[in-house]
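Peer 1: Just passing along the structure, written as structure tokens.
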Amino acid sequence: MMMAMRIGLISDTHIPVAAKELWPQIYEAFRGVDLIMHGGDLSIPDVIDWLEEIAPVMAVEGNGDYTGWERTVAPTDPRLSEAKVFKVGGLRIGLVHDFQLPEAPPLRTMEGLMQHHFGGPVDVIVRGSTHVAEMTTVKGVLIVNPGSSGFPNHQTARLGTIGFLDIEDGRVSPSIVDLAEV
């Protein structure tokens, strides 16, 4: 039985600082995805509502959700947590805002971080925080950071990047898309 799924990846939207709302290019690029994963630093939970107009959303909180932007208390939303695990086609995909690499053994190891955030090993980690798009493999685990959709590389507010995980028959193909090209 063929199992195919397309997951849209977004992080560090920082609404309303980076922009008042999500860029129209995000809606265009995510059209047809089966799920959207948001890697934190939404700033306002309304971002989840907006993305849910496209597809179901899994979102985690980020450090920027607790400080800055005229905020002294973090927003509370039952849809947000520190980390989440999504299972599809025999794969475990972990979602967290900050996954601190490189390792610093013996205190910070890949295995220890996965245990802390996801309760054990995962096949793919989707993370945010750095605002820099990245696809890498560490100890056999694919790590994808879609970058920031509206505040790339911590520079000026402008169109940034999003990502995708295309899953078919237990295989994952990651990609990064520059929103300026959508």
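Peer 1: For the range 20-44, name all the residues that are surrounded by fewer than 17 Cβ atoms within 10 Å (Cβ to Cβ) and over 21 Å from ILE93 (Cα atoms).
Peer 2: Once the filter is applied, which keeps residues that are surrounded by fewer than 17 Cβ atoms within 10 Å (Cβ to Cβ) and over 21 Å from ILE93 (Cα atoms), the range 20-44 yields LYS20, GLU21, PRO24, TYR27, GLU28, ARG31.
Peer 1: Filter the range 89-103 for residues that are at pLDDT 90 or above and among the aliphatic types (A, V, I, L, M); which is surrounded by the most Cβ atoms within 10 Å (Cβ to Cβ)?
Peer 2: LEU95
Peer 1: Quick one: is GLY128 part of a loop (DSSP other than H, G, I, E, B), of a type outside the set (Asp, Glu), surrounded by 22 or more Cβ atoms within 10 Å (Cβ to Cβ) and out of contact with any helix residue (DSSP H, G or I) (no Cβ under 9 Å at 6 or more places or on another chain)?
Peer 2: So GLY128 passes the test.
Peer 1: Quick one: THR130 ticks every box in (1) touching a residue at least 12 places away in the same chain (Cβ under 8 Å); (2) on the phi > 0 side of the Ramachandran plot; (3) not hydrophobic (A, V, I, L, M, F, W, C) bar one, so which box is it?
Peer 2: Unmet condition: (2).
Peer 1: For residues in the range 1-19 being modelled with pLDDT of 90 or more and over 14 Å from LEU165 (Cβ atoms), which is surrounded by the fewest Cβ atoms within 10 Å (Cβ to Cβ)?
Peer 2: Filtering the range 1-19 for residues that are modelled with pLDDT of 90 or more and over 14 Å from LEU165 (Cβ atoms), the one surrounded by the fewest Cβ atoms within 10 Å (Cβ to Cβ) comes out as ASP12.
Peer 1: I need a count of the residues in the range 158-182 that are part of a strand (DSSP E or B) and hydrophobic (A, V, I, L, M, F, W, C).
Peer 2: Within the range 158-182, residues that are part of a strand (DSSP E or B) and hydrophobic (A, V, I, L, M, F, W, C) number 7.
Peer 1: I've got another one for you. Residue check, TRP69 against (1) over 30 Å from ASP169 (Cβ atoms); (2) surrounded by 13 or more Cβ atoms within 10 Å (Cβ to Cβ); (3) at pLDDT below 95, all met but one. Which one?
Peer 2: Of (1) over 30 Å from ASP169 (Cβ atoms); (2) surrounded by 13 or more Cβ atoms within 10 Å (Cβ to Cβ); (3) at pLDDT below 95, only one is false for TRP69: (2).
Peer 1: Right, here's the next one. Does GLY89 satisfy the criteria of being under 20 Å from VAL47 (Cα atoms), touching an Asp or Glu at 6+ places or on another chain (Cβ under 9 Å) and of a type outside the set (D, E, K, R)?
Peer 2: Taking the combined requirement at face value, the residue does not satisfy it.
Peer 1: How many residues are closer than 19 Å to THR76 by Cβ, assigned to a loop (DSSP other than H, G, I, E, B), in contact with a helix residue (DSSP H, G or I) (Cβ under 8 Å, 6 or more places away or on another chain) and among the aliphatic types (A, V, I, L, M) when one looks only at the range 29-61?
Peer 2: Of the residues in the range 29-61, 1 are closer than 19 Å to THR76 by Cβ, assigned to a loop (DSSP other than H, G, I, E, B), in contact with a helix residue (DSSP H, G or I) (Cβ under 8 Å, 6 or more places away or on another chain) and among the aliphatic types (A, V, I, L, M).
Peer 1: I need the full set of residues from the range 131-157 which are assigned to a loop (DSSP other than H, G, I, E, B), out of contact with any Phe, Trp or Tyr (no Cβ under 6 Å at 6 or more places or on another chain) and surrounded by fewer than 19 Cβ atoms within 10 Å (Cβ to Cβ), in order please.
Peer 2: VAL132, LYS139, GLY140, GLN155, THR156
The values are calculated or read from the model by the stated rules, or taken from the named source; none is laboratory data. What you see is a predicted model, and the numbers here were worked out from it, not measured in a lab. Every residue, glycine as well, gets a Cβ built from its backbone with ideal geometry; the counts of neighbours run over all protein chains shown.
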